[in-house]
1. Just how much of Leu197 is accessible, in Å², when a 1.4 Å probe is used and the result is rounded to the nearest 10?
2. When the convex hull of the Cα atoms of the range 216-319 is projected onto a plane and the area is averaged over all directions, what value comes out in nm²?
3. Averaging the inverse of every distinct alpha carbon separation and then flipping it gives the Kirkwood radius. What is it for the range 317-368, in angstrom units?
4. Taking a ≥ b ≥ c as the square roots of the eigenvalues of the Cα gyration tensor of the range 161-235, is the shape rounded (a/c under 1.5), prolate (a/b larger than b/c) or oblate?
5. Using modelled backbone amide H atoms (1.01 Å from N, in-plane), which distant-in-sequence or interchain residues come within less than 5 Å of Glu235's amide H?
6. Cross-link partners among aspartates and glutamates for Lys154, C-alpha distance below 14 Å, same-chain residues fewer than 8 apart left out?
7. How much accessible surface does His198 have with a 1.4 Å probe, in Å² rounded to 10?
8. Quick one: which residues, 5 or more positions from Arg221 or on another chain, have an amide H under 5 Å from its amide H? H modelled 1.01 Å from N in the peptide plane, none for Pro or chain starts.
Amino acid sequence: MMTAHRRAGQWAALVGFALACLLVCVLAGKGSVTASAQSGRPVVTVLNLDDTIQPISEDFVARGIAQASAWHAEALIVELNTPGGLLDTTRSLVGRLLASPVPVVVYVAPTGSRAGSAGFFLLEAADVAAMAPGTNAGASHPVIESGTLDPLMKEKLENDTTAFLRSFVTKRGRNVDAAQDAVLHSKSYTEHEALDLHLIDRVAPDLSALLQTLDGRTVTRFNGQTVVLHTANAEVRNIQPTLREAILDRLMDPNLAVLILVLGGLLIYIEFNAPGTIIPGAMGTLLLLTALFALNLLPVHYTAVMLLLASFVLMLLEAKFPSHGVLAVVGIVALIFGTLTLVSAPIPELEVHLATALSCGAAFGFITTVLVRIAIRARRNKVITGPEAMIGSIGLAQENFTPFGEAAQRGQILIHGELWLAEAVAGGGMVQHRESVRVLAVRGLLLLVERVPGPLSRAE
């Protein structure tokens, strides 16, 4: 009965497996460290943070600090290009920069890059702040993740954020008023404006020029220690993301996480529709857990999570209790609203796009509708295997039937290429050799039949 439905489940499982393999290939990162040990030269460690500020990027920078310390590097240069990120992660990452055992240089580069929002905090926290021509920094007003606060709570948040910024800008000897303007009034500065306002220390066109300008510079660390940088003719060692960091960093895109979540839910839905296929359920569970792990690192609205759970439950109920599509439609609407409001992001780069929510809802709704129709069609189709499949079939008597009891007659018939013992009601006339009969029921190894009236009553 469920043959067609199981085939649909198997095809969906193969598609899910192929997508999972493709996902691993796409997400595969680069090597962790690129370095060529050359003795007698100072070492400068460089990492490129071209990303939003979130827990995985923090782990990447923390690993870079540890590696630079292990190499006894003259400095760690963070090439920064970010639209911003999460405030909690920013606070933690600033703490890591301030406590770094090696001097940290934050360099907004290449041309066209920015240190927006949270990136401005990282720039000001560095021992040396530098920017490339054609870059900008600032626009750091805190954005409320959970909606709009009342004026008092908004003022408290702004005061807390500016106090945090002053705590290290003052000690770095930079322009506190201009830094606070970036928070309170969302001011953004070009590289020359930032240099004139004493928000940064250097403007350099590229990394080589930056290393030349840093050579011989005395840096006062946050703990008061002074260090002289020796960066001329330095050996540059680049730190690249590990495979784990690359995969998790891609998953920090909430749009990708939502797609994986919906795909996992769809595969589990297929398993409920076609029990016993196993592969869709296993793959769906894997994808679902992967998406939940990624979303756990992002600010998530729990009401949106409830909407997603409700949408999956409604889809499952539609599969078990067909409601002419009502449950499916409600589930699709809940899925769209749930995915759209899932992540309470402070910047657009961490939001779920409307196109993603609509495409997920439409695709999920279309596929579930197709599966429900397959299930209904399978339930309506008669059984095509086993003895019951012979009901209604025409057989050919292989002998004259003989009386059996008071109201029956028995004899052998040929049906579907097999010989069966058949019994017919005696009141309808005796069944003769090569006469056609129709199967009415199956009782174990005995077929209950009747004579076929009309032209088919005798086969030549």
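1. Here the residue's solvent-accessible area equals roughly 60 Å².
2. 11.1
3. Averaging 1/r across every pair of different Cα atoms and inverting gives 11.9 Å.
4. In terms of gyration-tensor shape, oblate.
5. Result for Glu235 returns Val43, Val44.
6. Of all the aspartates and glutamates, those that pass the test against Lys154 - Cα under 14 Å, at least 8 places apart if same chain - are Glu145.
7. 120
8. Thr226, Val227
The values are calculated or read from the model by the stated rules, or taken from the named source; none is laboratory data. Computed from a predicted structure; not experimentally measured. With ligands, DNA and RNA removed, areas are computed over all heavy atoms of the protein, side chains included. Shrake-Rupley method; radii C 1.70, N 1.55, O 1.52, S 1.80 Å.
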